[in-house]
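The block underneath contains the structure these notes are about, expressed in structure tokens.
What follows is calculated from the coordinates using simple rules that are stated; it is not laboratory data. Small disclaimer: the values here were computed from a predicted structure and weren't measured. All Cβ positions, glycine included, derive from the backbone under ideal geometry; neighbour counts span all protein chains shown.
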Amino acid sequence: MRRLIALVFAVCLVPALALMIAATYALYLGAEHMPSALLPLYVLAGFAAGRSGAHSNSYGSLVSGPGRFTGVSFSYNIAYAFFGGLTPLVVSSLARANPLSPAHYLAAVTLLGIVAIFMATTRRPSSAAI
């Protein structure tokens, strides 16, 4: 079953994440060179970012039954606090050096997410409940 989940992620989610990276670079480069195309590029980037709801479908299989609520809420809140708190600081400081640095940051975090997806779908679940 876990191999099937990994296959579904590889076939569906990874191309969607690659589309998000491409749409982000297109948005940043298009806004600079062709401001008239800003609205269509913004719609494309928004469509690509819409795939972020797919991660909630996999939460149930990552944590065992008795600790599911605590495990999911704790890990989600730690990740949200870390990335939500540091992203504005990192991106604003990097943007001074390179105007494309927000797109680079999004691409790096997306690639980190792809690695995390494959690590989560290929590891064996522990027998101990949280």
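Using label points projected 7 Å from each Cα along Cα→Cβ, tell me how many nm separate Val91 and Val43, to one decimal.
2.3 nm
Subtract the Cα-Cα distance of Tyr105 and Leu19 from 0.36 nm times their separation in residues, and report this length gain in nm to one decimal. Show your work: numbers first, answer last.
Details: separation 86, 0.36 × 86 = 30.96 nm, distance 1.53 nm.
Separation in residues times 0.36 nm, less the Cα-Cα distance, equals 29.4 nm.
At a Förster radius of 35 Å, what calculated FRET efficiency corresponds to the Cβ-Cβ distance of Asn98 and Phe74, to the nearest 0.05?
The computed FRET efficiency comes out at 0.50.
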